[in-house]
1. Between Val283, Val310, which is β-branched (Val, Ile, Thr), part of a helix (DSSP H, G or I) and surrounded by 21 or more Cβ atoms within 10 Å (Cβ to Cβ)?
2. Hey, any hits in segment 312-326 for a residue that's of a type in the set (A, V, I, L, M) and not assigned by TED's automatic domain parsing to the domain that holds Ser214?
3. State all residues of segment 162-191 that are part of a helix (DSSP H, G or I), touching a helix residue (DSSP H, G or I) at 6+ places or on another chain (Cβ under 6 Å) and more than 18 Å from Thr219 (Cα to Cα); if no residue qualifies, say none.
4. Looking only at segment 131-150, which residues are in a helix (DSSP H, G or I) and either without any contact (Cβ under 8 Å) to a residue 24 or more places away in the chain or not assigned by TED's automatic domain parsing to the domain that holds Gln65 (or both)?
5. Residues to consider are Thr297, Thr270, Thr254; find the one that is of a type in the set (S, T, N, Q) and either under 20 Å from Thr219 (Cα atoms) or assigned to a loop (DSSP other than H, G, I, E, B) (or both).
6. Looking at (1) free of Cβ contacts under 8 Å to residues at least 60 places away in the same chain; (2) of a type outside the set (Phe, Trp, Tyr); (3) out of contact with any Ser or Thr (no Cβ under 9 Å at 6 or more places or on another chain); (4) buried (at least 17 other Cβ atoms within 10 Å of the Cβ), which is the one condition that is false for Asp251?
7. Please determine, by comparing only the residues of segment 22-73 that are surrounded by 20 or more Cβ atoms within 10 Å (Cβ to Cβ) and at positive phi, which one is modelled with the lowest pLDDT.
8. For segment 221-242, give me each residue that is buried (at least 18 other Cβ atoms within 10 Å of the Cβ) and either β-branched (Val, Ile, Thr) or within 18 Å of Ile205 (Cα to Cα) (or both).
Amino acid sequence: MRILHETKINFIGNRKYAFVFSGILVALGIISFALILMGKANLGLDFTGGAEIIGSFQQPVTAQQLRSALDEVGLGKATIQSVSGGSLQNAFIIRVQGSIQNAIPETSFTETGKPTVNMVAAEGDKLADRIRSAIGERFPTNPFKLDSTNNISGLVGKQLAKDATWAVIFAFLGILVYIWVRFDFRFGVAATIATFHDVLAMLGIYFILHREISLLLITALLTIAGYSLTDTVVVFDRIRENLKQFRKRSDFMTTVNLSINEVLSRTIITSLTTQLAVLSILVFGGEVLFDFALALTIGIVIGTYSSVFVASPIIVEWENRSPRRVK
């Protein structure tokens, strides 16, 4: 199936404009990454530590009413997220950032000298009781059912951030090695730069939108990296085929531009069909999946853009500065 026939768009000729646009996206991403490292970004509980409490009311309550109740006990800065769908009705997710200590054993000795061990309640459990008490006082005729609590200590949050960073680094190295083996070292570097561009662009956009940086976003970033790589491989494969076919009849830049135009229809169809599936999650998936679906929606656009306007032009620029026919 083709929606575009014999296009002759000069993608490579306009690469300088694309480089300027990409440079702005990457700059925003670098600034965002620096602010994340400094702890000044909108980091989720996964990285900062804290408590997540899920509960539901018997009767409808607004988020503002719930925040007012929490404000009375000094928790007015908590993140409150309304949840609906399935068995959840009038439900909320309450997230409180801060250092949450795990339960620790308290040891005492009896008169006979035998030790007895009691578990001191975790801070997260105390926090849940505090929230439930505040809600009970504000809504005495509207019972609040505590469905679950999730406590993440600050140390665990730092470890998760470290693991997420290593996951992204290993993904980049894997991309470089894969493309190097399948195509050429230059192609591998170009694909890695394009993927790095996608990740930084996503971070920059999320920072501008003031969306939460969580493990769910890291999952989306790795998903987009894989999607973008697949798109880039399709373009690179066509470039390699055309280089063999037109080696003596066409210059390198013309061949690359021809290759992009030849796979343009396939690229657009793939992006649109994938977007339809992701948009359904964005619209109907509820607030819990909203950030993940939003990241995928934006990432698919960026990934498609980078396979055409970032990865391929890098190959052309490299060839212009250091000519060497790709195998």
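1. Unique residue meeting the criteria: Val310.
2. yes
3. Leu176, Ile179, Trp180, Arg186, Phe187, Gly188, Ala190, Ala191, listed by residue number.
4. Gly136
5. Unique residue meeting the criteria: Thr297.
6. (4)
7. Taking the candidates together, the pick is Gly49.
8. If the condition is that a residue be buried (at least 18 other Cβ atoms within 10 Å of the Cβ) and either β-branched (Val, Ile, Thr) or within 18 Å of Ile205 (Cα to Cα) (or both), then Leu221, Ile224, Ala225, Ser228, Thr232, Val233, Val235, Ile239 are the ones that fit.
The values are calculated or read from the model by the stated rules, or taken from the named source; none is laboratory data. If you're wondering where the values come from, they're calculated on a predicted model, not measured in any experiment. Backbone-built Cβ (ideal geometry, glycine too); neighbour counts: all protein chains shown.
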